[in-house]
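S.K.: The structure follows.
The numbers here are math on the coordinates, done by the rules we state, and not lab data. Computed from a predicted structure; not experimentally measured. Neighbour counts run over all protein chains shown; Cβ positions are idealised from the backbone, glycine included.
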Amino acid sequence: MDFDLIVRGGTLPDGRVADIGIVGETIAAIEPKLDVTAGTAIDANGNLVSPPFVDPHFHMDATLSYGIPRINASGTLLEGISLWGELKPLLTHEAVRDRALAYCDWAVSMGLLAIRTHVDVCDDRLLAVEALLDVKKTIAPYIDLQLVAFPQDGFYRSPTARDNTIRALDMGVDIVGGIPHFERTMADGTRSVTELCEIAAERGLMVDLHCDETDDPLSRHIEQLAYETQRLGLQGKAAGSHLTSMHSMDNYYVSKLLPLIAEAGVSAIPNPLINIMLQGRHDTFPKRRGMTRVKEMQALGIRVGWGQDCVLDPWYSLGTADMLDVAFMGLHVAQMSSPADMGRCFDMVTNVNASIMGLDHLGLAVGKRASLVILDAGNPIEALRLRAERLCVIARGKVVAQRTKQDTRLTIPGRPGLVNRRHRTPHQAQ
C-alpha cells in the first residue's frame, strides 16, 4: 500500500529500528523496512521515535500569569491560592484564552499532544470555563484537551461551588474535580469526596481529585476516594492527584492504604516539580521532599503518572511545557535510578499518562492515531538525561513542529568539531 507519510529508520522505545507508515491520521504499518512510496518521507536517522508526551494534571486557566497582580513571596501553596483569588476578578475571557493558546504552542513544540487541565469553577462568571472550552475547540486538530471542573476554593467551603460545578459539567466540561483537604473540616472533605464521586457516577464521567496536597499525615481523603470508586463502580476512571500527605504517613497505615488503592483501580498523579517546591515549607531539618510513594505504589500495580501541574503561575515561577523535565525531576526525588526505573519514568509521561486519561488511541502501534515525536536521543533513558530536543512532532498524521539538530561547534585544536552530549553506556550497548 502507499502511505501519506513515512518516518524511516527511527529507533522505537523498545530498541527496534523501524519504518512507520501513516495513512491519514492513523499508523498503518510499523516494519523493519517499508519499500513503498509516500507523499512525504521523514528520515529519523536512528533517532528515538516516541509516542506523544501526555500531561494528566495542569492548570491552564492560570498558566503564564506569573507576576499578576504580584509574585508569591512565601512560595507556599496557601499563598498561591490566595494570590489566585486576587487574580480571578481581573481575568478576562480573552486573557485566559490567549495565555492558554500560547501555552499550547509551547506544548506542541515539545511534543506534548494531550493535556488534562483543571479549571476553577469558583468564579460565578465561569469565565475560565468558557475560555478553555473555546481553546479546546481551537486546538482539537493537534492536542487532546480534557477539562476538569475544579472547585478551587472548596466544594462546600465556597458558597456557590457546588452549583457552579454542576453548571460547568452541563456546559461540556469532561471530568469531575475536587479538593477535599481544603474544606473547613476533615468531615466536610470526606463528604465532598462522596458527593463528587456520586456526580461522576451518575453522569458516566471520570473523577480526578486533588487529594491530600498537604504535609499533614492525617489528611487521608485518598482512602475515601478508593472506597467510593469501589462502591460506585468507577474502577479505572478515578485518579488522586498529588497525594503528598503520604510522604508523612506511618508505614503501618500505608501498608493498609496502598492495597485499597490498587484494588479500587485508582490512578495516582504526583507532580514532582511543584510538589517538592510547595511542600515541606514548615520544616527546618529533616525536611520532607513533598513526593508521594511512587515506587511503592507501582510495586502494587497502581497506575502512576507524572504531571506538570503549573507553568509560570501563582504557584510556580518556572516551566517550559516539557514533560521530560517533569520525569527528570521525578526520577531524582523518587530515587528511580535503575535502568528499569528510568525507562519506566519515560513511559509514565507517554503511555501511562495516556492510559490514565483514557486516551486509548495514542501509542506506537498499528491502528493508533499517527501522533508521535522524533527526539535527538537514541533511547528513552538518553532522552531523559538530555531532556532531548524534539526534532519533529507529528499530530494526527501532519507535521506540526520541526527543529534542526542543535550540535555545539568546538574550536579546540585536536578535539572534535561538533559535540552533542549523546553517549551510549555499556548497559545500553548490550
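S.K.: With axes computed from alpha carbons, what is the tilt in degrees of helix 127-139 against the longest principal axis of the chain, rounded to the nearest 10 within 0 to 90?
M.R.: It works out to around 20 degrees.
S.K.: Can you give the translational diffusion coefficient of region 59-111 in µm²/s, computed by Stokes-Einstein from the Kirkwood radius over Cα pairs at 4 °C and 1.567 mPa s? Each step should come with its number before you reach the end.
M.R.: Working: Rh = 12.0 Å.
So the translational diffusion coefficient is about 108 µm²/s.
S.K.: Just to be sure I understand: if I project the alpha-carbon convex hull of the chain onto a plane and average over all orientations, what area do I get in nm²? Each step should come with its number before you reach the end.
M.R.: Working: hull surface 91.9 nm².
The orientation-averaged projected area of the Cα hull of the chain comes to 23.0 nm².
S.K.: Testing the spin-label approximation: label points 7 Å from Cα along Cα→Cβ at K33 and D124. State their distance in nm.
M.R.: Between K33 and D124, the label points sit 7.1 nm apart.
S.K.: Can you pull the Kirkwood radius for region 174-245, inverse mean 1/r over Cα pairs, to one decimal in Å? Numbers along the way, then the final one.
M.R.: Details: mean 1/r = 0.0852 Å⁻¹.
Computed over region 174-245, the radius equals 11.7 Å.
S.K.: Still on this model: Helix-only estimate, please: 222 nm mean residue ellipticity of the chain, summing -39500 (n - 2.57) across DSSP H runs of length 4 or more and dividing by its residues, to the nearest 500.
M.R.: Theoretical 222 nm ellipticity from helices: -10000 deg cm²/dmol.
S.K.: Using 0.36 nm per residue, how much length does the chain from A102 to A140 gain when fully extended, once their Cα-Cα distance is taken away?
M.R.: Stretched out fully, the A102 to A140 stretch lengthens by 12.2 nm.
S.K.: For the chain, find the longest principal axis of its Cα atoms and tell me its angle to the long axis of helix 221-232, 0 to 90°, nearest 10.
M.R.: 80 degrees
S.K.: Also, I was wondering about something else. Would you kindly work out the equivalent ellipsoid of region 324-401 from its C-alpha gyration tensor and give its semi-axes, the square roots of five times the eigenvalues, largest first in whole Å? The partial results should precede the final answer.
M.R.: Details: eigenvalues 104, 49, 19 Å².
Three semi-axes, in Å: 23, 16, 10.
S.K.: Would you mind putting 5-13, 106-114 in packing order, based on average other-beta-carbon counts within 10 Å, highest first?
M.R.: Values: 5-13: 21.0, 106-114: 23.8.
Highest to lowest by the protection proxy: 106-114, 5-13.
S.K.: To continue, here is another question. Rounded to the nearest 5, what % of the DSSP beta bridges within the chain are antiparallel ones? Spell out each step's value before the answer.
M.R.: Details: 24 of 56 bridges.
Here the share of antiparallel DSSP bridges comes out near 45 percent.
S.K.: Using +1 at the C-beta of Lys and Arg and -1 at the C-beta of Asp and Glu, which of G307, C392, N47 has the Cα lying farthest in the positive direction of the dipole of the chain?
M.R.: N47
S.K.: Let me ask something additional. Taking the convex hull of the Cα atoms, report for region 131-180 its projected area averaged over all directions, in nm².
M.R.: Numbers: hull surface 14.2 nm².
So the mean shadow area of the Cα hull is 3.5 nm².
S.K.: What are the ³J(HN,Hα) values, in whole Hz, obtained from phi via the Karplus relation 6.51 cos²θ - 1.76 cosθ + 1.60 with θ = phi - 60°, for each residue of region 185-194 in sequence order, with x given for Gly and Pro?
M.R.: Going residue by residue, I get 9, 4, 5, 5, x, 4, 5, 5, 4, 4 Hz, with x marking Gly and Pro.
S.K.: What does the convex hull of the Cα atoms come to per residue for region 102-238, in Å³?
M.R.: Details: hull volume 16.3 nm³, N = 137.
Cα-based convex hull of region 102-238, divided per residue, equals 119 Å³.
S.K.: Could you work out the Kirkwood radius for region 166-304, taking every pair of different alpha carbons, averaging 1/r and inverting it, reported in Å?
M.R.: On the way: mean 1/r = 0.0661 Å⁻¹.
One decimal place: 15.1 Å for the Kirkwood radius.
S.K.: I would also like to ask the following. Picking from A239, L257, L273, whose Cα lies most toward the positive end of the charge dipole for region 213-292 (charges on Cβ: Lys, Arg +1; Asp, Glu -1)?
M.R.: Toward the positive end, the furthest listed residue is L273.
S.K.: Sequence-distant or interchain residues sharing an amide H contact under 5 Å with V121, placed H: which?
M.R.: Result for V121 returns F150, Q152.
S.K.: Let me ask you something else. Arrange the peptides 238-246, 216-224 so that the one whose residues have, on average, the most other Cβ atoms within 10 Å appears first. Show your work: numbers first, answer last.
M.R.: On the way: 238-246: 27.7, 216-224: 19.2.
Result, highest mean Cβ count within 10 Å first: 238-246, 216-224.
S.K.: Under a no-solvent Debye model with one identical scatterer per Cα of region 1-150, what's log10 I(q)/I(0) at q = 0.11, 0.12, 0.17, 0.21 Å⁻¹?
M.R.: Taking Cα atoms of region 1-150 as identical point scatterers yields -0.58, -0.65, -0.93, -1.25.
S.K.: Within the chain, how many Lys pairs that are eight or more residues apart, or on different chains, come under 29 Å at the alpha-carbon?
M.R.: 19
S.K.: Right, something else. Percent relative contact order of region 53-357, based on C-alpha pairs within less than 8 angstrom and at least six residues apart?
M.R.: Values: 641 pairs, mean separation 60.9, N = 305.
Relative contact order for region 53-357 comes out at 20 percent.
S.K.: How much length, in nm to one decimal, is gained on full extension between S82 and D170, taken as 0.36 nm per residue of separation minus their Cα-Cα distance?
M.R.: Difference between extended and current length: 28.9 nm.
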